[in-house]
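The values are calculated or read from the model by the stated rules, or taken from the named source; none is laboratory data. Note that the structure is a prediction, hence the values are computed from the model and not measured. Neighbour counts run over all protein chains shown; Cβ positions are idealised from the backbone, glycine included.
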Amino acid sequence: MIAKLALTNESKSVRGQEPTNKQRRALIGGAMGGALVALLSSSGQVMAHEADEPSDPFILLLKGVYHPVVHGPNLGLSTVNLNDGTYSTTKIYPVFGIAGSGSDDNREAIGNFFVQFNGKLCAYQLPGGAIAMQFLPGAGFTPHPDGHGGNFLEGTFELNILEATGVYRTFKGGHNHMVDKLHNLADGSFDEFCFCVISTYPFP
């Protein structure tokens, strides 16, 4: 009602005459344009908020050479201690259902992955939160020589989600299915290439 009154008052000329057709079109167009801008702005805010929430499931790629963790970040997770000297780290890239996903082969890393090579815990540092997981027993790697003195270590792994914070909190108690091709190079370093399918569904 207020908008209608304002439009009626502004539509009259200084001399009190009714506006011309041209004036009417300008006034109506301006009002509708303002409403459209407001609507698109509101929609953009909703879409941006929804984009922060990962889909269920979402898929990540762990990629890059591992490095030992010297001073690990505090991820707000009680089940992992990244400063105990047992963790190594590599980068996380988005694949599906999380901010940054798309078809761009040159997509940038969005977080860090931390894992115990001689343990069963790992953690994901991601935009908007963090996740701690535990490897389930019974899985392992199958080695394949790379022809250069190293081996490709291939395997699938199942993990339970122990903790999840921020936008990932609903994934606590869920599951991660890993499909891994870890390259153990001749110099002893490890180059990761692993897809992680993370869901709220508990492991059967």
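Assorted remarks:
- A123 being small (G, A, S) and part of a strand (DSSP E or B): yes
- Scanning segment 141-156 turns up at least one residue that is assigned by TED's automatic domain parsing to the domain that holds F195, charged (D, E, K, R), touching a Lys or Arg at 6+ places or on another chain (Cβ under 7 Å) and within 16 Å of L182 (Cβ to Cβ).
- Checked against (1) touching a residue at least 12 places away in the same chain (Cβ under 8 Å); (2) not in a strand (DSSP E or B), P204 meets all criteria but (1).
- The one condition in (1) free of Cβ contacts under 8 Å to residues at least 40 places away in the same chain; (2) farther than 19 Å from N176 by Cα; (3) aliphatic (A, V, I, L, M) that I92 fails to fulfil: (2)
Here is a yes/no grid of residues against (1) charged (D, E, K, R); (2) modelled with pLDDT of 95 or more; (3) closer than 21 Å to I161 by Cβ:
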{"residue": "S41", "(1), (2), (3)": "no, no, no"}
{"residue": "E50", "(1), (2), (3)": "yes, no, no"}
{"residue": "S55", "(1), (2), (3)": "no, yes, yes"}
{"residue": "V70", "(1), (2), (3)": "no, no, no"}
{"residue": "L77", "(1), (2), (3)": "no, yes, yes"}
{"residue": "P94", "(1), (2), (3)": "no, yes, yes"}
{"residue": "R107", "(1), (2), (3)": "yes, no, no"}
{"residue": "F114", "(1), (2), (3)": "no, yes, yes"}
{"residue": "Q134", "(1), (2), (3)": "no, yes, yes"}
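- Residue count for segment 159-177, restricted to those that are crowded, with 17+ Cβ neighbours inside 10 Å and of a type in the set (D, E, K, R): 1.
- The numbered conditions (1) touching a Ser or Thr at 6+ places or on another chain (Cβ under 9 Å); (2) surrounded by fewer than 18 Cβ atoms within 10 Å (Cβ to Cβ) are all true for L121 except (2).
- Of the listed requirements (1) touching a Cys at 6+ places or on another chain (Cβ under 6 Å); (2) farther than 18 Å from G72 by Cα, M133 misses just one: (2).
- Of the residues making up segment 78-95, those that are more than 18 Å from the chain's Cα centre (by Cα) and not charged (D, E, K, R) are S78, T79, V80, N81, L82, N83, G85, T86, Y87, S88.
- Just one of the listed residues (G150, G100, G129) is buried (at least 16 other Cβ atoms within 10 Å of the Cβ), within 15 Å of the chain's Cα centre (by Cα), among the small types (G, A, S) and farther than 24 Å from G173 by Cα, and it is G100.
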